Amino acid sequence: MKNYDTIIVGCGISGLLAGLALAKEGKRVLMLEKEDEVGGVCRSYDISGFTVDTGPHLITGLEDGPIQELMDRYFDVVPTFVENGEYFVRFDNSIYSFPWTVPEWLAFHPFSFDDRLNIVRTLLDLLADYASNKSLDKKTVSDYVVKYDFSRRALRFIDCICLFLTGVGMGETPVLRIISSGRSKKKPKAEKIKDFLVEGGKTHYYPRGGIQSIVNALMQSLPKNAELHTGEKVTKITVSGGCVSGVVTDKAEYRAKAVVYAGPNTRLPSVVELPEEYAQKFKDLKRARTLTLWLGLDKRYFEEVGSEIWTETSRPCWVIPTSNFNSALAPKGEQLAGFGFLLAEGERVTGDSIEEYIKVVEEELPGIRKHVKMMHYQVMMPEQAANAKNNFFSGVKLPVTGLYAVGTDVDRRSMGITRAAYSVISLINALEQDGFVVRE
Ligand SMILES: Cc1cc2nc3c(=O)[nH]c(=O)nc-3n(C[C@H](O)[C@H](O)[C@H](O)COP(=O)(O)OP(=O)(O)OC[C@H]3O[C@@H](n4cnc5c(N)ncnc54)[C@H](O)[C@@H]3O)c2cc1C
């Protein structure tokens with residue numbers, strides 16, 4: 001039976017980042033992925049000459065966030081990022097820049113004057129509580145919004161933004177998520193408040209070549225002491241005397257003193273024995289499911305570089321015309337756009353229901369159907385746990401010595417790939433504290 005320092009279970013972006021980091025810290029790492037491809041929901045592939053991603057992606061907090069920190073520390077090859085441009089919202093057949101600051105809100109004409117004032121009051125209430133160090137941990141966006149008499153349009157808008165940010169509506173979205181949204185995490189509190197009052201922070205990025213280029217750069221940076229097996233599923237994490245001893249897969253058995261689990265925590269109790277009370281915490285984790293409709297168009301429908309949020313359509317939609325960031329993602333003269341929708345709990349998607357979503361797109365862009373050269377859809381889970389108030393996030397250390405976790409159900413901060421990266425930084429810190437990694 002082969003011996004390793006660490007085994008990584010699952011090679012989505014979380015597992016890959018963890019494997020790369022540990023290998024670069026000098027550990028002998030075995031990385032196991034059950035699918036034939038690595039990357040999980042962070043991949044790109046070709047459909048009839050268009051390069052689609054696994055859902056519309058933008059990367060947040062790149063300047064001083066955890067992804068940049070990991071790239072600086074461990075990547076030999078780094079992806080090229082292009083600026084996302086602006087966020088736009090579509091109302092009454094016109095597009096408007098997303099209002100990030102109090103002055104921008106005051107001038108946001110799609111909303112009535114009363115709604116604008118109510119938004120500003122809500123933001124000021126929130127910032128006052130934040131500034132005076134009130135505990136906001138258990139507060140949701142609704143707790144602030146209910147104080148004012150908003151119109152249906154404004155309430156729908158606020159709810160949709162929460163849904164796209166966290167996967168749950170405003171009743172469950174922690175208000176702290178709004179404070180950090182689109183703004184540098186490392187700025188002091190006073191600067192963050194100033195951002196809301198005057199400047200705003202909104203630069204997000206897209207990796208040139210598609211989201212897969214992050215995975216490609218990572219793979220090219222893997223040193224020889226990292227061994228990767230695809231098409232090999234971990235069926236059991238073995239424990240001996242309360243400590244991790246290795247894993248069993250559908251093909252072999254391996255030994256290691258540390259195992260990093262990078263699959264969904266909801267599946268964790270099926271691969272390792274955990275205290276019953278602890279395992280129960282993963283049972284009712286809320287997770288959002290999305291449908292992404294990719295349309296390859298022979299006519300340019302999106303002139304601006306940026307993404308659009310539609311909240312007035314019968315189903316809210318987030319649109320990213322990715323070929324505006326990188327024309328190579330579509331054949332010459334054509335445009336590629338991803339339309340992201342959140343699915344209702346238990347909603348099934350069939351070939352017929354796709355028609356319903358095309359009709360939603362037509363509500364804003366009548367006649368688009370005639371210009372569709374390629375259509376492709378994906379149903380996926382963006383994160384293993386939505387950032388819902390009552391969801392349990394495990395942290396990196398699990399209740400078995402030597403067993404750690406990374407991923408989007410481990411750490412609540414930020415979202416998606418940035419959240420995954422936060423969990424990997426926490427992992428390295430925990431392994432250092434446990435004496436497993438010695439950093440200079
Ligand atoms: C529609 C959509 C839009 C998104 N938009 C954004 C965005 O704008 N910005 C952003 O930052 N993020 C976004 N994301 C989220 C981001 O892509 C994910 O959060 C991130 O890629 C999750 O990575 P992960 O490695 O934690 O999980 P996953 O990608 O789910 O990887 C888990 C891996 O573990 C493997 N695995 C599981 N169990 C086992 C086992 N027993 N043995 C071996 N292998 C196993 C799985 O096969 C999988 O490859 C979006 C995602 C989607 C779907």
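Summary of values
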| read-out | value |
| --- | --- |
| Over the chain: helical MRE at 222 nm, DSSP H runs n ≥ 4 each giving -39500 (n - 2.57), nearest 500 | -8500 deg cm²/dmol |
| Span from the segment 199-268 Cα centroid across to the segment 40-61 one, whole angstrom | 19 |
| Kyte-Doolittle mean at least -0.5 and Cα axial length at least 18 Å: DSSP H helices in the chain | 113-131, 152-166, 416-433 |
| Net charge over other residues, Cβ less than 14 angstrom from the Cβ of Ala344 (K, R count +1; D, E count -1) | +1 |
| Where labels lie 7 Å past Cα in the beta-carbon direction, separation of Glu363 and Glu276 in nm | 4.8 |
| Anisotropy class of segment 13-79 from Cα gyration tensor, a/c 1.5 cut | oblate |
| Antiparallel bridges, percent of DSSP beta bridges restricted to the chain (to nearest 5) | 65 |
| Cα gyration tensor shape of segment 24-136, rounded if a/c is under 1.5, else prolate or oblate by comparing a/b with b/c | oblate |
| Full-stretch length increase - Asp125, Glu347 - with 0.36 nm per residue and alpha-carbon distance subtracted | 76.3 nm |
| Efficiency of FRET from Cβ geometry, Lys283 and Lys257, R₀ 25 Å, rounded to 0.05 | 0.30 |
| Computed over the chain: relative contact order in percent, which uses C-alpha pairs under 8 Å that are six or more apart | 25 |
| Virtual spin-label span in nm between Leu117 and Ser135, 7 Å along Cα→Cβ | 3.5 |
| Convex hull of Cα atoms in segment 326-424, direction-averaged projection (nm²) | 9.9 |
| Distance histogram for segment 69-111 (every C-alpha pair counted, 5 angstrom bins, percent rounded to whole numbers) | 5, 17, 18, 13, 9, 8, 10, 11, 8, 2 |
| Per-selection metrics, the chain (Cα): Rg and Dmax in Å | 22.3, 70 |
| Difference of contour (0.36 nm per residue) and Cα-Cα distance, Thr203 to Met1 | 67.8 nm |
| Directionally averaged shadow of segment 99-201, computed from the convex hull of its alpha-carbon atoms, nm² | 6.0 |
| Label point at Met375 placed 7 Å out along Cα→Cβ; residues across segment 349-366 whose backbone nitrogen lies under 12 Å | 351-362 |
| Per-residue Cβ neighbour rank within 10 angstrom, fewest leading, Leu70, Leu20, Leu285 | Leu285, Leu70, Leu20 |
| Highest average packing first - 30-40, 253-263, 397-407, 101-111, Cβ atoms within 10 Å | 253-263, 397-407, 30-40, 101-111 |
| Potential extension, Ser97-Ser240 segment - 0.36 nm per residue separation minus Cα distance | 45.8 nm |
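Values quoted throughout were computed directly from the atomic coordinates according to the rules given, and no laboratory measurement underlies them. This is a predicted model, so every value here is computed, not measured. Note that we place each Cβ from the backbone using ideal geometry, even for glycine, and neighbour counts take in every protein chain shown.
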